[in-house]
Amino acid sequence: MIKKHLGFAFNIAALALFIPGIILPMFSMSMEMTARVSASTLSSDLLNKELSLLATIEELWQDQRLLVAALIFLFSICIPLLKTALVSLAYFKKNTDIEAKILNFVASIGKWSMADVFVVAVFLAILSTNHAETANNQQFSILGFKVDLLISSETFSAAGLGFYYFTGYCLLSLLGTHFSHSSLK
């Protein structure tokens, strides 16, 4: 009986982390380009973005990347909400066949919850570009004067609060589903 209560509690706590996890920025990314001509420097931001999971889905949809947007929406929004709703429903259908069927179904779609983890892994891969720098140094002559031209770009990225909330959601949801399903035995 304690496993059932723990499973429900972990799923509710997971839901509390899920909401800020999809709304708050998952990551921020900026790219800056710098050109140095002799002693003068010109710098410009090429990119400066903070994206949440929902904002990423919206941007993908607007960019006509419909399949990717739909898959992220399905696996990172719909399935987690469905799982939480079903585990909660099973909790209130105590000791019935319905409870067992619901929890067995949730356990069977548990493989799909790995898609949540996949989304987090994709964001980590994006974040691995942190501090990537490219530089191109050229020297040329104008009217007999030698001029040095250095063009460089730097990419900075960082995990946002949404990343940590969503990761916490993934872990608590897996734990909650495990406890709920193991309470049947």
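Hey, what angle do you get for helix 97-108 against the long axis of the chain, alpha-carbon based, 0 to 90 degrees rounded to 10? Rounded to the nearest ten degrees, it is 30. Each label was represented as a point 7 Å from its Cα along the Cα-to-Cβ direction; for S40 and F145 these points are 0.9 nm apart.
Peptides 95-102, 177-184, 78-85 ranked from most to least packed give 177-184, 78-85, 95-102, packing being the mean of other C-beta atoms within 10 angstrom over each peptide's residues.
Counting Lys and Arg as +1 and Asp and Glu as -1 over every other residue whose Cβ lies under 15 Å from the Cβ of E59, the net charge comes to -1. Taking the longest Cα principal axis of the chain as reference, the axis of helix 161-182 is set at about 20 degrees. Sparse packing (at most 14 other Cβ atoms within 10 Å of the Cβ) combined with a DSSP loop state is found for the following trypsin sites (Lys or Arg not before Pro) in region 1-81: R65. Number of Lys-Lys pairs in the chain with C-alpha atoms under 28 Å apart and a separation of 8 or more places or on different chains: 25. Derived scalar couplings between HN and Hα for region 31-47 equal 10, 10, 10, 10, 10, 10, 10, 6, 9, 9, 10, 10, 10, 8, 7, 8, 8 Hz in order, rounded to whole Hz, by the Karplus curve 6.51 cos²θ - 1.76 cosθ + 1.60 (θ = phi - 60°), x for Gly and Pro.
Read-outs throughout are calculated quantities, based only on the coordinates presented, and are distinct from any laboratory measurement. Here the structure is a predicted model, which is why all the values come from computation and not from measurement. In this analysis, Cβ positions are derived from the backbone assuming ideal geometry, glycine residues included, and neighbour counts consider all displayed protein chains.
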